[in-house]
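Enquirer: Quick one: the structure is below, and I'll ask about it shortly.
Just so you know, all these numbers are worked out from the coordinates, no wet-lab data involved. Since this is a predicted model, take the numbers as computed values, not measurements. For neighbour counting, all protein chains shown are included, and Cβ atoms are generated from backbone atoms with ideal geometry for every residue, glycine included.
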Amino acid sequence: MNTFEYLRPSALAEVLQLLQDDPEAKLLAGGQSLLAAMKLRFAAPTKLIDLQGLPALRSLHLDGDALWIGAMCSHAQVAASTLVRQSVPMLAALAGGIGDQQVRNRGTLGGSIANADPAACWPAGVLALNGTVCTDRREIAADDFFQGLFTTALESDEVVVGVRFPRTPSAHYRKFEQAASRFALTGVAVAQCTQGVRVAVTGLGNGVTRWREAEEVLSRQWSPEALDGLHFDETQATGDVHASAEYRAHLALVLTRSAVQHLLQTA
C-alpha cells in the first residue's frame, strides 16, 4: 500500500475540516471495504480519518416515532439490539446475516451505505424501509441517496451521521448468498409501509434498485400469487463468474415471493 497519514479526531468538526483541507483523504469506519481496496491498490488515500473516536455516531435509540441508528453502529450491535428487534425486526436479521462474526463486529451501517457496494445488504434495507440518511448538513431520502454502482448523493466532504427508519414491523429481507463472502448474489427487502409496499433489490451488479412493478401489484393484492406472470427486467442485472444476469433476475422474483409468504405466515 502507498504511505498515508492516520488520524483519529475526537470531534465531528475536526473531521469536516480535515476533509475540506485534503480532497484525497478518506473516512475509515469499519474498514471492511476500504482497507481491502487499498491492499489491491484500487484506493490510495493520503490520509485515513478514523471515525472510531466519535462515540456519538454509535448511538442507537428511538427518535420520536422513528428508529435512529448511528453511522458507526456495527452490524453486530444492530443484530443484538432488543430495540431494533422490537421496532424494525428486519434490520436485526439483515445485520445478523452479514459476513462472519469478525466482519459484523467491525463493519458499520454508515460505512456500508456510503460505499454502496452493489452486493451489500444494508442498501436494500434502507431503501425498502424508506430510511432517511442524515449527514452533517442535511437529510437525504433513500430514493435520492443511492445513485448507482458505488455511487451516492454524498459530497466529497460530507459525513453520514446516522439513518432514521420509520418503525416498520412488517418487513423481511431474503438473500441468496455467494458462499465465500456471504454477499448477496441477489437480495430482496420487502416492506409494508404506510404509503404502500416497497421492494428493494440488491446484488444485481449495478447498485440497489426498487422493483416498482412488484410494488404496484403487491400494494393491490398482498399475496405471492400477485407476482404470477411478473418478471424482473434482466437488463437491469449483470452477469459474472458467480451468476448470470438471467439467474439474478430470476432470483429477484423467487426471493420476493418468499419474503411475502414469510410475512403472511408470521403476521
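Enquirer: Within the P(r) computed for segment 171-266, what percentage of the Cα pairs occupies the region above 15 Å?
Expert: Every Cα pair in segment 171-266 considered, those over 15 Å come to 55 percent.
Enquirer: Can you work out D for segment 1-53 in µm² s⁻¹ from Stokes-Einstein, where Rh is the Kirkwood radius over C-alpha pairs, the temperature is 10 °C and the viscosity is 1.306 mPa s?
Expert: Values: Rh = 11.2 Å.
Estimated diffusion coefficient is 142 µm²/s.
Enquirer: Residues with beta-carbon under 12 Å from that of Ala191, excluding Ala191: net charge, scoring Lys, Arg +1 and Asp, Glu -1?
Expert: Result for the neighbourhood of Ala191: +2.
Enquirer: Treat the count of other C-beta atoms within 10 Å as a stand-in for reagent exposure and order Lys47, Lys175 from fewest to most. Before the final figure, lay out the partial values.
Expert: Working: Lys47 18, Lys175 23.
Taking fewest neighbouring Cβ atoms as first place, the list is Lys47, Lys175.
Enquirer: Right, here's the next one. Restricting attention to the alpha-carbon atoms of segment 1-148, what are Rg (one decimal) and Dmax (integer), both in Å?
Expert: 15.3, 46
Enquirer: If R0 is 41 Å, what FRET efficiency do you get for Ala180 and Ala13 from their C-beta distance, rounded to 0.05? Could you put the intermediate results ahead of the total?
Expert: Working: r = 41 Å, r/R0 = 1.00.
The formula returns an efficiency of 0.50 here.
Enquirer: Please report the relative contact order for the chain, taking Cα pairs under 8 Å with a sequence separation of at least 6, and give it as a percent rounded to a whole number.
Expert: Relative contact order, the chain: 15 percent.
Enquirer: Remind me, relative contact order of segment 1-112 in percent, using alpha carbon pairs under 8 angstrom and six or more residues apart?
Expert: Here the relative contact order equals 27 percent.
Enquirer: Once each part is reduced to its C-alpha centroid, what is the distance from segment 204-267 to segment 98-139 in angstrom?
Expert: Centre-to-centre (Cα) distance: 21 Å.
Enquirer: Calculate, for Val103 and Asp21, the FRET efficiency according to 1/(1 + (r/R0)^6) with r their C-beta to C-beta distance and R0 25 Å; round to the nearest 0.05.
Expert: 0.20
Enquirer: Same structure again: Please list, by residue number, everything in segment 164-205 whose backbone N is under 16 Å from a paramagnetic label point 7 Å out along Cα→Cβ of Leu230.
Expert: Residues 171-174, 187-193, 195-202 qualify, since their backbone N sits under 16 Å from the label point.
Enquirer: In percent, how large is the relative contact order of segment 171-266, given Cα pairs closer than 8 Å and 6 or more residues apart? Walk me through the numbers on the way to the answer.
Expert: Working: 167 pairs, mean separation 27.5, N = 96.
In percent, rounded to a whole number, it is 29.
Enquirer: Suppose the chain between Cys193 and Arg41 were pulled fully straight at 0.36 nm per residue; how much longer would it get relative to their current alpha carbon spacing?
Expert: Full extension of this stretch gives 50.5 nm more.
Enquirer: In addition: Compute the signed sum of charges (Lys and Arg +1, Asp and Glu -1) over the other residues within less than 14 Å, Cβ to Cβ, of Thr168.
Expert: +3
Enquirer: I want the local charge near Asp21. Using Cβ-Cβ distances under 11 Å, sum +1 for each Lys or Arg and -1 for each Asp or Glu among the other residues.
Expert: That works out to -3.
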